[in-house]
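Bear in mind that the values in this text are calculations on the coordinates, not laboratory data. Keep in mind it's a predicted model, so treat the numbers as computed, not measured. Here the Cβ positions follow ideal geometry from the backbone for every residue, glycine too, while neighbour counts run over all protein chains shown.
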Amino acid sequence: MQYWWFWLAIIILAIVVGGIISGRISKSIKRMMKALKKASEGDLTVVVNTGGNDEFKVLSDSINEMIGRMKLLIEKTKSV
């Protein structure tokens with residue numbers, strides 16, 4: 001029981017680190033949601049940039065590619 005302060009510090013550190021990580025995850029998801037909302041409203045100039053080099057980067061790159069292909073498809077159908 002003499003090390004209760006150590007365990008308290010570990011718990012507080014875990015809460016802080018968890019909060020930081022969840023904040024970053026939430027921020028990336030919100031950016032993608034905002035861009036997809038704009039794209040669904042017809043703005044195909046939107047670009048998603050989440051930064052980093054993780055799964056969110058892969059997902060944002062895929063979203064950007066999808067929007068670019070949609071734009072190209074619309075341009076092709078207009079010229080027909």
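Tell me the label-point distance for the pair Leu44, Lys27, using the 7 Å Cα-to-Cβ offset, in nm and rounded to one decimal.
3.2
Could you tell me which label, among [x] 13.7, 45; [y] 20.6, 79; [z] 19.5, 63, carries the value of Rg and Dmax of the Cα atoms in Å calculated for this structure?
[y]
If you put +1 on each Lys and Arg Cβ and -1 on each Asp and Glu Cβ, how big is the dipole of the chain around its Cα centre, in Debye rounded to 20?
280
What angle do you read, to the nearest 10 degrees and between 0 and 90, between the alpha-carbon axis of helix 4-40 and the longest principal axis of the chain?
Between helix and principal axis, roughly 10 degrees.
Taking a 24 Å limit on the Cα-Cα distance, which of the listed pairs Lys34/Lys76; Lys57/Lys78; Lys27/Lys76; Lys38/Lys71; Lys30/Lys76; Lys38/Lys76 fall beyond it?
Lys34/Lys76; Lys57/Lys78; Lys27/Lys76; Lys30/Lys76, as the Cα separations exceed 24 Å there.
Return the calculated 222 nm mean residue ellipticity for the chain, to the nearest 500 deg cm²/dmol, obtained by summing -39500 (n - 2.57) across DSSP H runs with n ≥ 4 and dividing by the residue count.
On the way: 2 runs with 62 residues, N = 80.
One gets -28000 deg cm²/dmol as the mean residue ellipticity at 222 nm.
Could you give the angle, 0 to 90 degrees to the nearest 10, between helix 55-79's Cα long axis and the longest principal axis of the Cα atoms of the chain?
Value to nearest ten degrees: 10.
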